[in-house]
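Here is the structure we will look at, set down as structure tokens.
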Amino acid sequence: MIVDSHVHSDQFTADASHELRTPITALLLQLQLLERMVKPGKAVEQKQIEDYVHRAVNLGKRLANLEDVLMDLTRISVGKIEIKKEQVNLVLI
């Protein structure tokens, strides 16, 4: 039983790392593109900069959301949040 729990914990950690790595990589790429665009002497369109900034902000928001989910899961696992199970009519949602 303890071994199963450890295996599930390891799998969760691997999955969480992957879920965080993907948007982090995309965010870093967007920021590197911006960095290249704003070098002195380089002509850059304002719209293009705005587009890259918008993408970077959205990726940052996604990372913050993932971190919130991970924190909630941690709180659940240590008993700081109690899960209440109840029936829900999915048609009404």
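The values are calculated or read from the model by the stated rules, or taken from the named source; none is laboratory data. Keep in mind it's a predicted model, so treat the numbers as computed, not measured. Here the Cβ positions follow ideal geometry from the backbone for every residue, glycine too, while neighbour counts run over all protein chains shown. Accessible surface is based on the protein model in full, side chains and every heavy atom, while ligands, DNA and RNA are left aside. Shrake-Rupley method; radii C 1.70, N 1.55, O 1.52, S 1.80 Å.
Some notes on this structure:
- Reported label for calculated volume of the Cα convex hull per residue in Å³ given (i) 169; (ii) 94; (iii) 156: (iii)
- Cα-based helix-to-principal-axis angle, 46-77 vs the chain, degrees rounded to 10: 20
- Rounded to the nearest 20 debye, the dipole size of the chain about its Cα centre is 380 debye, using +1 on the Cβ of Lys and Arg and -1 on the Cβ of Asp and Glu.
- By the rule of a C-alpha distance below 17 Å, with chain neighbours fewer than 8 residues away ignored, the aspartates and glutamates paired with Lys42 are Glu50.
- Computed FRET value (nearest 0.05) for Val44 with Thr22, which takes r as the C-beta separation and R₀ as 35 Å: 0.80
- Here's the picture: charge each Lys and Arg Cβ at +1 and each Asp and Glu Cβ at -1 in the chain, and of Gln30, Gln11, Met71 the one pushed furthest to the positive end of that dipole is Gln30.
- A simple count of charges around Leu27, restricted to other residues whose Cβ falls under 10 Å of its Cβ and scoring Lys, Arg +1 and Asp, Glu -1, yields +2.
- Apolar share of the accessible surface for the chain: 59 percent from carbon plus sulfur atoms, 1.4 Å probe.
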